[in-house]
Amino acid sequence: MNFYLSAVLLGLGFASLAMGIFITMRIFNIPDITTDGSFTLGGAITAVMVSSGYSPGLTLLFVFAAGALAGICTGLIHTKLKVNALLAGILVMTALYSVNLAIMGRSNIPLIDTSSVFNFTDSFMSDTSSQLLVLILFTSLLWAIISCLLKTDFGLAMRATGNNEQMIRSLGVNPQTLKIAGIGLANGLIALSGFLITQVQGFADINMGIGIVILGLGSVMIGEILLNLFKVRSITIHLLGVIAGSILFRLILAFALTIGIDALYLKLVVAVFVLIVISIPNLKKST
């Protein structure tokens, strides 16, 4: 039971990653590989600042700002330099590897006897219960904020840009600015996921972000499959489905480990599972 509870904790920690990928992949139709670097960037800054005695609240602000800056760089390269979005993300991700290593000073930073975002409930709750409560509150707050943002004029303009860029340009709105802001927001959320996962795991590693975009994409697709069953169109419920998809994805991976699949093949299991999830909508269309 504790094994599956740990999976739920990780699912909640990765929920902001899934919401960030939802913004880039589903709103802007941009495959943003910056994710791998910005996730690690969030973890690196968290490990360095928390181990240096800075409060988790201040660390959170720095993490979001740094992740947003990484996304803005990708957006600028894509929109201003006319570089393909996929290549722009790869370039920034590659650069972030060196940046993250420079921030950390070494490949791995353990968080031993350091304060964390979970500490304020430690006095009256167990460690696991404290993590679960804080992650639920944190994820719920992010869900409410992003849901409200996407319903504002700015959010509606972002969504319209992804659907029909020509139309939004004809209305006098600059789609390039919206793309830059949207990719920045998405990577800020992804960095926050690194902030949470680092504190859940108790360490930051330079390779913690490798392939992380697949986890986020799988979460988004699972959420969409769930919502398509009920034909839900509300953006608020859609984001809630993405969060549910993140948790369900981790539970499925936990189940794969409990039935005896070697952890050595976990990445292979993830790749195959995401392939199946992505293929389901296309197979339904062809039948």
Revision key, fill the gap. Taking the range 251-276 and keeping only residues that are under 21 Å from residue 222 (Cα atoms) and among the small types (Gly, Ala, Ser), one is left with 254, 256, 271
**Study point:** One residue from 98, 55 being modelled with pLDDT of 95 or more and out of contact with any Cys (no Cβ under 9 Å at 6 or more places or on another chain)
**Key:** 98
Review point. Within the range 218-252, how many residues turn out to be part of a helix (DSSP H, G or I), over 14 Å from residue 14 (Cβ atoms) and β-branched (Val, Ile, Thr)?
Key: 4
Revision key, fill the gap. All conditions in (1) in contact with a Phe, Trp or Tyr (Cβ under 9 Å, 6 or more places away or on another chain); (2) assigned to a loop (DSSP other than H, G, I, E, B); (3) polar (S, T, N, Q) are true of residue 59 except (2)
Check your understanding: Is one or more of the residues making up the range 259-282 among the basic types (Lys, Arg) and either closer than 28 Å to residue 126 by Cα or touching a Leu at 6+ places or on another chain (Cβ under 8 Å) (or both)?
Key -> no
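The values are calculated or read from the model by the stated rules, or taken from the named source; none is laboratory data. On a predicted model such as this, the values are computed, not experimentally measured, just so you know. Cβ sites come from the backbone with ideal geometry, for glycine too, and all protein chains shown count toward neighbours.
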